[in-house]
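Input: a single structure, listed below in structure tokens.
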Amino acid sequence: MDELKAEIARLRARVAELESAPSQAASPAGPEPVVAESAGQHSYDYLQALVSYVPNIFFIKDLDHRYVAISRLGAQYQNKTPDEIIGRSERDLFPHEVADKMIAEEHQVLSTGKPLEYEHELPYSDGQRYFYCVKFPIYNTKGAPLGVGAFIRDITDMKRVEFERLAMKEQVIRAQQAAIRELSTPLVPLAPGVMAMPLVGTIDSVRAHEILETLLDGIAKQSAHTAILDITGVRVVDTQVANALVSAARAARLLGARVVLTGISPAVAQTLVHLEAKLDGIITLGTLANGIAYALQDAKSASKPAAGRGTPNASGELASKPRAPSLAT
């Protein structure tokens, strides 16, 4: 990975150099020599060795978009030898849509006189492969264009690492969201068959669904007969919240349990009356402590048939006279 980053940095530096190439070529002094004059007739041999063994995909095309040079690695990516590619154009080697895109890029390089740097992907037998590409114009000593050259680096492994990192990041986000959901809808076992869910914050449609799902799952797993929903910490009680509570009570009854609603403040009570909320099937008590005392005493009484069941009076204390609990709305 470090080697790849270093290579990209080198290519970027090369791009900066190439961007000034046309102006240098047009200057009276001519281009800066990159090959010693003593190379003479061996220049071709040196170029041949460079093109053959450069550890990148490298090629040069003429103005007709025909390959005049290509590295061995570049030919290998096309499952061919350099001799099978030299003299041919993109349209001889690639699907039409790919070839048209390549030629359009090379036209842009020649028309602007500036290098073009980009990433692209191509289909291969082993799947999509991703490449970092730098295409640049080539001029003669008089500044006339000769064609287009390119350095291309296969960055598929880097892309796959990036995709894996993004996938792991998504998993972390989902895990965090699950943890937040669990914290926002805690289910606390109080006694055999009794559990409480203190709710805090704002309840929207998503959270209302999570509350219902968590509640029903807890009732089923714990074989609960009583579930206490405490809304002391709920900031706003509106129609959506009221409907969520009614839905929770109805669903709980289908599983053989009942819902005790606690923490209703005077302001919340006025809101529920104003909304004409019908809390059918929900026992309402002032505080969570009253709800817990009621549920535990009722569970205790249920184990003693002769004693009957009690209901809390206005102060939250259990009435001494046993009678069936009433559903307050």
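The values are calculated or read from the model by the stated rules, or taken from the named source; none is laboratory data. Computed from a predicted model, the values in this text were never measured in an experiment. No Cβ is skipped: glycine too gets one built from the backbone with ideal geometry, and neighbour counts run over all protein chains shown. Heads up: the accessible areas ignore ligands, DNA and RNA and are worked out on the full protein's heavy atoms, side chains in. Shrake-Rupley method; radii C 1.70, N 1.55, O 1.52, S 1.80 Å.
Brief remarks follow.
- Rg/Rg_globular for the stretch 51-207, with Rg_globular taken as 2.2 N^0.38 Å and Rg from C-alpha atoms: 1.81
- Near the amide H of Leu146, within less than 5 Å, lie the amide hydrogens of Ile138, Tyr139, Asn140, all on another chain or at least 5 residues away, with H placed in the peptide plane.
- When all protein chains stay in place and ligands, DNA and RNA are ignored, the 1.4 Å accessible-area order of Asp83, Asp92, largest first, is Asp83, Asp92.
- Average accessible surface area per residue within the stretch 49-165, 1.4 Å rolling probe, Å²: 53 Å²
- The heavy atoms of Thr112 present about 80 square angstrom of accessible area, all protein chains included, probe 1.4 Å.
- Under the simplified labelling scheme, the Arg91-Ala175 pair shows an inter-label distance of 5.4 nm, with each label point 7 Å from Cα along Cα→Cβ.
- Dipole of the stretch 142-246, positive direction: furthest Cα of His209, Pro192, Leu229, with charges on the beta-carbon: His209
- Taking each residue as 0.36 nm, the span from Asp204 to Asp45 lengthens on full extension beyond its C-alpha to C-alpha distance by 49.8 nm.
- Evaluating 6.51 cos²θ - 1.76 cosθ + 1.60 at θ = phi - 60° for every residue in the stretch 136-141, the Karplus couplings come out as 9, x, 10, 10, 8, 5 Hz, glycine and proline recorded as x.
- In this structure, the amide hydrogen of Thr262, modeled 1.01 Å from its nitrogen in the peptide plane, lies closer than 5 angstrom to those of Leu229, Asp230, Ile231, Leu285, counting only residues at least 5 positions away or on a different chain.
- The orientation-averaged shadow of the Cα convex hull for the stretch 218-261, equal to a quarter of the hull surface, comes to 3.1 nm².
- Counting only protein heavy atoms and using a 1.4 Å probe, the accessible area of His274 comes to about 150 Å².
- Glu121 accessible area, 1.4 Å probe, all protein chains in place, Å² to nearest 10: 90 Å²
- Value of relative contact order over the stretch 93-230, rounded to a whole percent, pairs C-alpha under 8 Å and six or more apart: 14 percent
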